Amino acid sequence: MGPPGAGKGTQAKRLVDRFGLAHLATGDILRSEVREGTDLGKQAKSFMDKGDLVPDDLINSMMTTHIEKSLERGFLLDGYPRTLAQAGVVDGFLSEKGVELEAVFNIQVSDDSLVDRIVNRISCGKCGAVYNLKTSPPEKEGVCDRCGADGLKGRADDNEDTVRNRLKVYRESTEPVISHYREAGKLQEVDGDRSIDDVQAEIVQQLS
Ligand code: AMP
């Protein structure tokens, strides 16, 4: 959990590499549906462009399908659940499967750093690697260090108006989910206003 720009995706990519988990990132899955022009992608695009949440029923069926395929391997949810209704569905689905979430991490970052991070963010359309033009640029301009693809660019929804709306949606719809997992005794707070390595080290330490 964490607002847009908190570093969820960056931390998640490192964690899944470290622990051999499936990375179930709702935003990445949706962006790939949009790129491929699927029915789901077509339905989701207008919500994403405005920074609004895609309706729960679409997200829940998409995510439970992905989780089902990753039950054996283990998985990390990145950007899901984002509403209380989604949390109810995923909790029910996992308990039906006899699986429990081990921990929920909430990465906290000040609003000033969030906006700065988001406007300087570029990512790879092929593998999803994320860079920051100021703090962690790619070695060669425009080229992905991770997979070599050319054409790193900013996300369509990383402009100022959309970001402001995404932060508002986060406060209204997603913060209650944090309280839900706090009450369930699963929540671990992480200070995200530090280097990528320091944040990662803290998450790994809390997990172990
Ligand atoms: P993200 O990459 O996590 O910032 O997500 C980008 C966009 O995808 C969001 O602004 C939403 O429009 C949509 N999205 C991602 N995750 C969810 C979710 N769990 N529920 C609804 N919409 C989502």
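Quick note: the coordinates plus some simple rules give every number you see, no bench work behind them. Computed from a prediction, not measured in an experiment: that's the story for all the values here. Cβ: placed from backbone, ideal geometry, glycine included. Neighbour counts: every protein chain shown.
Considering every alpha-carbon pair of the stretch 22-66, the percent of pairs per 5 Å bin, from zero through the bin containing the longest distance, is 5, 24, 36, 27, 8, 1. Per-residue 3J(HN,Hα) values for the stretch 190-203, derived from phi via the Karplus relation 6.51 cos²θ - 1.76 cosθ + 1.60 with θ = phi - 60°, read 10, 7, x, 8, 9, 5, 3, 5, 5, 5, 4, 4, 5, 5 Hz in sequence order (x marks Gly and Pro). Here r is the Cβ-Cβ distance between Glu68 and Asp17 and R0 is 22 Å; the resulting FRET efficiency, rounded to 0.05, is 0.45. In this structure, the amide hydrogen of Asp78, modeled 1.01 Å from its nitrogen in the peptide plane, lies closer than 5 angstrom to those of Leu24, Ala25, Thr26, counting only residues at least 5 positions away or on a different chain. Taking the stretch 50-183, how much of its Cα-Cα pair set, in percent, is spaced more than 19 angstrom apart? Cα-Cα pairs in the stretch 50-183 separated by more than 19 Å: 61 percent. Using Cβ point charges alone (K and R +1, D and E -1), the dipole size of the chain about the Cα centre works out to roughly 440 debye. Its DSSP H runs of at least 4 residues, each contributing -39,500 (n - 2.57), put the calculated 222 nm mean residue ellipticity of the chain at -15000 deg cm²/dmol, to the nearest 500. In the stretch 155-194, inverting the average of 1/r over every pair of distinct C-alpha atoms gives 11.9 Å as the Kirkwood radius. Each principal axis of the stretch 102-171 carries a Cα extent, and these read 36, 35, 20 Å when sorted largest first.
If you sort the three axes of the alpha carbon gyration tensor as a ≥ b ≥ c, you get a/c of 1.5 or more for the stretch 1-120 and a/b no higher than b/c, which makes it oblate.
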